[in-house]
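The values are calculated or read from the model by the stated rules, or taken from the named source; none is laboratory data. Just so you know, these numbers come straight off a predicted model, no measurement behind them. Every residue, glycine as well, gets a Cβ built from its backbone with ideal geometry; the counts of neighbours run over all protein chains shown.
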Amino acid sequence: MIAAFALEVFVPIYAGAQVYATGTAFPAFLGWNHYAGAAVGFAVVLLYTMQGGFTAVVWSDVFQGSLMVVGLVALPLVALPLVALWHVGGLSEVTRALNSIDPHLLSWHGPGADGPSSGAWDTSAIV
């Protein structure tokens with residue numbers, strides 16, 4: 001019963017956020033009106049849901065999740081060397097620039113002069 005209530009409350013919020021995000025993406029990429037982008041995105045999702053049912057929704061989520069994982073792994077591996085080589089002058093220059101901002105940016109514990117106590121996302125908090 002609690003799960004059903006949670007689904008009833010949060011699924012419409014999630015769906016609304018997705019429609020809003022679609023409405024924001026279309027103007028950014030194509031210069032469309034926000035509402036037109038949201039309507040087109042909603043229509044596309046409605047169409048493939050009606051045609052393929054819940055299975056189509058699951059497969060689209062698998063595809064989107066796979067793209068996010070590939071992007072999460074590939075983007076730093078491709079973008080950092082390109083930016084470092086072409087725009088900054090090499091990886092040593094990137095390291096030197098980060099070190100001049102805050103030497104702790106290159107440490108395992110992250111930024112901040114106090115080391116691991118500067119935030120909750122350090123090795124001791126994760127372990």
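Which residue is surrounded by the most Cβ atoms within 10 Å (Cβ to Cβ), if the candidates are limited to region 4-46 and must be among the hydroxyl-bearing types (Ser, Thr, Tyr) and either within 22 Å of the chain's Cα centre (by Cα) or closer than 17 Å to Val57 by Cα (or both)?
Ranking the candidates gives Thr22 first.
Pick from Gln18, Gln64: which is free of Cβ contacts under 8 Å to residues at least 40 places away in the same chain and in contact with a helix residue (DSSP H, G or I) (Cβ under 9 Å, 6 or more places away or on another chain)?
Just one listed residue meets the conditions, Gln18.
Out of all the residues in region 16-46, which are of a type in the set (S, T, N, Q) and part of a helix (DSSP H, G or I)?
Gln18, Thr22, Thr24
Out of all the residues in region 92-127, which are at pLDDT 55 or above and acidic (Asp, Glu)?
Of everything in region 92-127, those that are at pLDDT 55 or above and acidic (Asp, Glu) turn out to be Glu93, Asp102, Asp114.
Let me confirm something: among Gly53, Gly71, Gly65, Gly89, which residue is surrounded by 10 or more Cβ atoms within 10 Å (Cβ to Cβ), over 24 Å from Ser107 (Cβ atoms) and modelled with pLDDT under 85?
Gly53
Scan region 74-86 for residues that are of a type in the set (Gly, Ala, Ser) and exposed (fewer than 13 other Cβ atoms within 10 Å of the Cβ) and report the count.
2
Is it true that Ser60 is at pLDDT 80 or above and in a helix (DSSP H, G or I)?
yes
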